[in-house]
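Student: Can you read through this structure? Questions will come right after.
The values are calculated or read from the model by the stated rules, or taken from the named source; none is laboratory data. Computed from a predicted structure; not experimentally measured. Heads up, the Cβs are rebuilt from the backbone with ideal geometry, glycines too, and the neighbour counts pull from every protein chain shown.
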């Protein structure tokens with residue numbers, strides 16, 4: 001007498017669900033592999049303040065946690081070649097950043113200075129005086145090394161989401177930004 005194991009109908013659906021989830025994950029990774037590793041995105045806002053005051057705010061790293069909701073704390077590191085280096089700690093973890101170029105008060109270039117992250121790149125801040133405001137343009141030249149993160153950045157979060165959040169916080173520091 002042989003014994004046969006019978007699968008319950010619930011087990012069949014669990015198996016089908018598992019296969020579907022694995023298939024979706026494979027498709028997401030394949031699409032991520034097909035996307036370019038590098039991207040360029042730009043976002044701008046009119047901040048109701050002088051460019052000198054805005055420039056002071058975006059370069060005073062020790063004060064970031066007072067106006068940026070995504071930054072819990074900042075740890076200032078020793079300068080590299082006379083330029084600021086710091087670690088931002090937030091909900092996404094810790095990230096080391098460094099100033100790459102400064103032309104006060106109209107240009108600032110910062111770089112992600114942590115080679116162990118699954119992404120990297122620069123933010124270039126251009127500040128131009130406007131009527132009773134400072135026109136701030138941020139250009140991100142980013143690289144996303146992990147194909148899953150690449151997919152998420154392209155199709156879920158968008159390349160501009162972090163810049164939009166940053167400009168909103170900056171505008172709130174001085175008054176509401178206008179697009």
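Student: Here are the criteria: (1) modelled with pLDDT under 95; (2) at negative phi. Tell me which single one residue 87 does not satisfy.
Tutor: (1) is the only condition that residue 87 fails.
For (1) closer than 27 Å to residue 31 by Cα; (2) in contact with a helix residue (DSSP H, G or I) (Cβ under 9 Å, 6 or more places away or on another chain); (3) buried (at least 16 other Cβ atoms within 10 Å of the Cβ), each residue gets a yes or a no:
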| residue | (1), (2), (3) |
| --- | --- |
| 128 | no, yes, no |
| 134 | no, yes, yes |
| 137 | no, no, no |
| 140 | yes, yes, yes |
| 152 | yes, yes, no |
| 159 | yes, yes, yes |
| 165 | yes, no, no |
| 172 | no, yes, no |
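Student: Where in region 1-109 are there strands (runs of 3 or more DSSP E), lying wholly inside it, with at least 3 residues that are without any contact (Cβ under 8 Å) to a residue 40 or more places away in the chain, in contact with a strand residue (DSSP E or B) (Cβ under 9 Å, 6 or more places away or on another chain) and over 22 Å from residue 152 (Cα atoms)?
Tutor: Details: elements: 38-47, 71-80, 83-90, 93-103.
Qualifying strands (runs of 3 or more DSSP E): 71-80, 83-90, 93-103.
Student: I want to confirm something. Restricting to region 86-106 and keeping residues that are in contact with a helix residue (DSSP H, G or I) (Cβ under 9 Å, 6 or more places away or on another chain) and more than 19 Å from residue 162 (Cβ to Cβ), which single residue is surrounded by the fewest Cβ atoms within 10 Å (Cβ to Cβ)?
Tutor: 104
Student: Scan 172, 165 and give me the residue that is more than 16 Å from residue 41 (Cα to Cα) and either without any contact (Cβ under 8 Å) to a residue 12 or more places away in the chain or assigned to a helix (DSSP H, G or I) (or both). So that I can check it myself, show each step before the final result.
Tutor: Details: 165 fails: more than 16 Å from residue 41 (Cα to Cα).
The match here is 172.
Student: Got a number for residues in region 13-32 being within 24 Å of residue 122 (Cβ to Cβ) and at pLDDT 90 or above? Spell out the reasoning first.
Tutor: Of region 13-32, the ones within 24 Å of residue 122 (Cβ to Cβ) are 32.
Next cut, at pLDDT 90 or above only: none.
Here the count works out to 0.
Student: Is it true that some residue in region 127-144 is at pLDDT 95 or above and in a loop (DSSP other than H, G, I, E, B)?
Tutor: no
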